[in-house]
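Everything below concerns the one structure shown next.
The values are calculated or read from the model by the stated rules, or taken from the named source; none is laboratory data. None of the values given here were measured: they were computed from a predicted structure. Reconstructed Cβ throughout: ideal geometry from the backbone, glycine too, with neighbour counts over all protein chains shown. Protein only, heavy atoms only, side chains kept; ligands, DNA and RNA dropped before computing areas. Shrake-Rupley method; radii C 1.70, N 1.55, O 1.52, S 1.80 Å.
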Amino acid sequence: MLSAPRLGMNKRAISIMASAILVSLLISCGGNVAPTRQIDDAILASEVRDALRADSELSRYQFAINVTGRNVVLMGTVNLASHRDRAEAITRSIAGVETVENRIEVRR
């Protein structure tokens, strides 16, 4: 049986592997963005996603996270304005994030 810390490591490993696959696909598509920036963007997006999923108030939500050159765009829908603000604050606290555009909507 896996212990809780071991499970957490598996989720992190899966997230990192998914990011690596995404980066490989982006690079192979021959986009105009330098490969190192694509890697940095994918890693930063993964770190933001992991941080939001680790938060007990935000883990139930699905967020779309786009990163371009250290600029993060958050999208999704939450139940409370405080959850929207919390997602932005957590994202801003991550090393490497320069700007956050919060497009998260609050359900009415």
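Listed values, structure above:
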| quantity | calculated |
| --- | --- |
| Check on residue 74, assigned to a loop (DSSP other than H, G, I, E, B) and buried (at least 18 other Cβ atoms within 10 Å of the Cβ) | no |
| Residue check for residue 64: in contact (Cβ under 8 Å) with a residue 12 or more places away in the chain, open to solvent by 30 Å² or more (accessible area, probe 1.4 Å) and touching a Gly at 6+ places or on another chain (Cβ under 8 Å) | yes |
